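Presented below is the structure to which this report refers.
What follows draws every value from the coordinates through simple rules; no lab data is involved. Only a predicted model underlies this, so the values are computations on that prediction, with no experimental measurement involved. Cβ sites come from the backbone with ideal geometry, for glycine too, and all protein chains shown count toward neighbours.
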Amino acid sequence: MSENHDEVMKVMNTRKVAAITGGGQGIGRAIALAFAQEGYGISIADMNEDAGLETIKLLHPYTEDVIFMKVDVSEEEEVRQWVQRTDAELGGIDVLVNNAGIMHNTDVLDLTSEQFQRVISVNLGGAFLCSQAAARLMRNKAGGGAIINMSSTRAFMSEPNTEAYSASKGGISALTHAMAISLGSYGIRVNAISPGWIEVRDWQYPANESSFVHTEADKMQHPIGRVGKPEDIAAACLYLASDKAGFITGQNLTIDGGMTVKMIYE
């Protein structure tokens, strides 16, 4: 028994671990798959239990070191329990991806304070709580760690009636550079990614799934000539988490196929 235990502990000490919020669906699922394929242990937090458990099954061909917890990232105690379990079962956290987020797009004149605060609490408050809890583990690791926050191009451009979401993502961008300064002495790098138009929808039961359909006009809004895919964001997360990005912190990487730099005249 002790030899087996020693082997397990040896693997835990050499294998890196990625913790991903909102990892059960959409961009978060793609990120979890990408890290699993690179040999990471994976810890997923998501509010949708069905989506989370489905993702666990998708990860098993790549790693058995995977856990899922149903977590509301705006609740400090739930975050604490998730991080504590990740540490106990997987041996710490090397990479945290704060991907969980919600939207409540309502006419700005009708948006309630409760609706606004809920979006801020999940998107911005959740990123802070998870980063704080993970950083307390990372600071004890020889190599520190990497935190990747999911902002949005809506942090600096808008459609009507997106005040709560846009404000939360603007806050994410500011939180990123603030935490990069505060945590740098521990060897913890903090960066953000701002996705543009990415092919994602809320999780659906397999029987109800449908394919994406994009018009040529949709595609041509992007200089790249297509709408983004979750895998585009996952690839950037892998890079920012890697040693190749060891001199990058406090930055925001916009991934939108060039959409936000294209001038459009109607």
remark   = Applied in sequence order to region 39-50, the curve 6.51 cos²θ - 1.76 cosθ + 1.60 (Karplus, θ = phi - 60°) yields integer Hz couplings, x standing for Gly and Pro, of x, 6, x, 10, 10, 10, 10, 7, 7, 9, 5, 4
request  = Select from region 37-88 those GluC sites (Glu not before Pro) which occupy a DSSP coil region and have at most 14 other Cβ atoms within 10 Å, ordered by residue number.
outcome  = 38, 64
key: Violating pairs (Cα-Cα greater than 22 angstrom) within the set 16/57; 70/141; 57/169; 141/244   = 70/141; 57/169
inquiry  = Can you classify region 9-261 as rounded, prolate or oblate using the Cα gyration tensor, where a ≥ b ≥ c are the square roots of its eigenvalues, rounded means a/c under 1.5, and otherwise it's prolate if a/b beats b/c and oblate if not?
reply    = rounded
query = FRET efficiency for residue 75 and residue 247, Cβ-Cβ distance as r, R0 = 35 Å, nearest 0.05?
reply = 0.50
query = What FRET efficiency, computed as 1/(1 + (r/R0)^6) with R0 = 22 Å and r the Cβ-Cβ distance, is obtained for residue 226 and residue 102, rounded to the nearest 0.05?
reply = 0.25
task = Mind putting a number on the dipole of region 9-261 about its Cα centre? Charges go on the C-beta only, +1 for Lys and Arg and -1 for Asp and Glu, and I need it in Debye to the nearest 20.
result = 1000
query = According to a simple spin-label model (label point 7 Å from Cα along Cα-to-Cβ), what is the distance in nm between residue 15 and residue 117?
reply = 4.3
task = Count charges around residue 63 for me, please; just the other residues with Cβ under 15 Å from its Cβ, Lys/Arg as +1, Asp/Glu as -1.
result = -1
